[in-house]
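Reviewing the structure listed below.
The values are calculated or read from the model by the stated rules, or taken from the named source; none is laboratory data. Keep in mind that what you see is a predicted model, and the values were worked out from it rather than measured. FYI the Cβ positions are ideal-geometry reconstructions off the backbone, even for glycines, and counts take in every protein chain you see.
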Amino acid sequence: MKHYDYLIVGSGLFGATFAYRARQAGKSSLVIDKRKQLGGNVYCKQIEGINVHQYGAHIFHTNSKMVWDFVNSLVPFNRYTNSPVACWQGHYYNLPFNMNTFYEIFGTRTPAEAQAKLEEEKAAMRQKLLSEGVSEPRNLEEQAQLLIGKTIYERLIKGYTEKQWGRKCTELPAFIIKRLPVRLVFDNNYFNDNYQGIPIGGYNKLINALLEGVDTLTDTDFFDADEPLRGSWREHASKLVYTGQLDEYFDYKLGKLSFRTVRFETETLDEPNHQGNAVINYTEASVPYTRIIEHKHFESFGQAVYDNPKTVISREYSTEWKPGMEPFYPVNDDENNKLADSYRELAKQEKDVIFGGRLADYKYYDMAPVIEKVLGIDRF
Ligand code: FAD
């Protein structure tokens with residue numbers, strides 16, 4: 001095997017952007033991934049001509065002009081604007097909470113009317129806590145009602161959050177919901193960022209552009225017992241870039257970090273337009289899935305939706321993670337954060353290893369911050 005400057009474990013956005021920048025700096029890399037394909041969580045599978053977000057819907061959004069210009073220099077992005085809709089007992093509400101939502105729920109027509117109604121609802125929870133001699137919300141249910149009142153909490157937050165976490169809101173800590181953004185304008189654009197969109201032609205184009213001219217190996221696990229790269233990587237590369245699970249790198253010797261995951265049920269339908277939107281959240285507890293994603297709406301607009309007579313949807317079920325499942329969301333409670341900190345101390349001692357990305361940092365990152373981190377590295 002040729003000797004590389006970097007062996008990069010993981011072909012997600014961290015690994016692929018690192019390989020791109022290393023190549024620009026004249027350095028060679030071998031990128032390996034244990035999956036059958038490159039791209040990490042942004043990988044899309046083509047079904048009926050539609051890019052299906054295999055590891056969950058991915059919407060690129062950022063305030064960083066540097067990151068936006070960088071990704072657009074590799075592949076132009078479209079004008080997709082995330083405007084999810086919530087469905088509760090057959091009623092549809094616009095998200096994020098804005099004048100449309102308040103009109104749909106309370107019938108309020110002006111910002112002043114909406115504000116007054118919200119204040120009245122929030123005051124009821126303040127009053128309740130006061131009468132019980134409690135100064136701080138004791139759980140997520142109380143916190144959410146202090147921020148948005150009972151009606152919206154019960155219709156749009158309670159069931160969804162309980163499905164996401166697999167626990168009752170009364171058993172979840174208040175800190176999980178720090179803020180609930182409220183907009184007193186008729187604006188359904190979910191993100192406040194200056195830039196958002198989807199790569200035209202899909203995320204695989206972005207990954208392919210980042211990895212152009214870089215050696216890659218799929219179906220190759222760094223920890224594979226038959227191909228012990230883990231023990232021998234220094235024979236093949238000067239430095240290791242590791243984007244896999246932090247605890248796995250250290251053989252779980254301090255214990256296992258926990259995650260939440262999502263199970264996807266993907267279906268092709270013989271109709272051009274199933275739900276009229278990319279994202280619909282199901283906010284009642286009795287519907288077992290949290291969302292339905294209709295993938296074509298990320299990249300088709302107007303008449304183009306009807307040019308393809310088929311559509312692909314994915315129902316998302318939020319699930320407790322067990323080894324062997326995809327580790328999606330770190331559980332940032334005290335116990336896991338402490339354990340991750342101990343592993344980070346060990347990682348500092350690995351002088352020729354760069355740990356990066358969401359799994360090795362044990363942190364939830366959106367895509368743009370991952371790219372920004374790599375763009376911020378000044379020496380390769
Ligand atoms: P990953 O993309 O996970 O890549 C890590 C790669 O390492 C994987 O391909 C894995 O197979 C490989 N690997 C791990 N261990 C080994 C090993 N031992 N040997 C070889 N290979 C290994 N961000 C947004 O900005 N917008 C969104 O809408 C959005 N939606 C999301 C939805 C979901 C369900 C999830 C989980 C995340 C979402 N994100 C979103 C976040 C986004 O996915 C991440 O920021 C991004 O994928 C991070 O890239 P990464 O390279 O760190 O990790």
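Figures for the structure shown
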quantity	calculated
Inter-residue pairs, beta-carbon under 6 Å, first outside the structural domain of ILE152 (by TED's automatic domain parsing) and in contact (Cβ under 8 Å) with a residue 40 or more places away in the chain and in segment 109-122, second surrounded by 13 or more Cβ atoms within 10 Å (Cβ to Cβ) and assigned to a helix (DSSP H, G or I), 6+ apart	none
Residue within segment 169-183 that is farther than 21 Å from TYR282 by Cβ, in contact (Cβ under 8 Å) with a residue 60 or more places away in the chain and among the basic types (Lys, Arg) present	yes
Among the candidates VAL75, VAL52, VAL67, VAL85, residue that is in contact (Cβ under 8 Å) with a residue 24 or more places away in the chain, out of contact with any strand residue (DSSP E or B) (no Cβ under 6 Å at 6 or more places or on another chain) and either farther than 23 Å from ARG179 by Cα or of a type in the set (A, V, I, L, M) (or both)	VAL67
Segment 12-36 residues that are under 14 Å from ILE377 (Cβ atoms) and of a type in the set (Val, Ile, Thr), paired with ones that are assigned to a helix (DSSP H, G or I) and at pLDDT 95 or above (beta carbon under 6 Å, 6 or more apart)	THR17/LEU210; THR17/ILE371; THR17/VAL374
Qualifying residue in segment 231-245 (condition: out of contact with any His (no Cβ under 8 Å at 6 or more places or on another chain), touching a residue at least 60 places away in the same chain (Cβ under 8 Å) and β-branched (Val, Ile, Thr))	yes
Residue list for segment 194-220, filter: within 11 Å of the ligand (Cβ to nearest atom), assigned to a loop (DSSP other than H, G, I, E, B) and touching a helix residue (DSSP H, G or I) at 6+ places or on another chain (Cβ under 8 Å)	ILE198, THR220
Residues being more than 8 Å from the ligand (Cβ to nearest atom) and under 18 Å from ASP224 (Cβ atoms) - total across segment 25-40	4
Evaluation of GLU294 against (1) in contact (Cβ under 8 Å) with a residue 24 or more places away in the chain; (2) charged (D, E, K, R); (3) surrounded by 14 or more Cβ atoms within 10 Å (Cβ to Cβ) (one fails), failing number	(1)
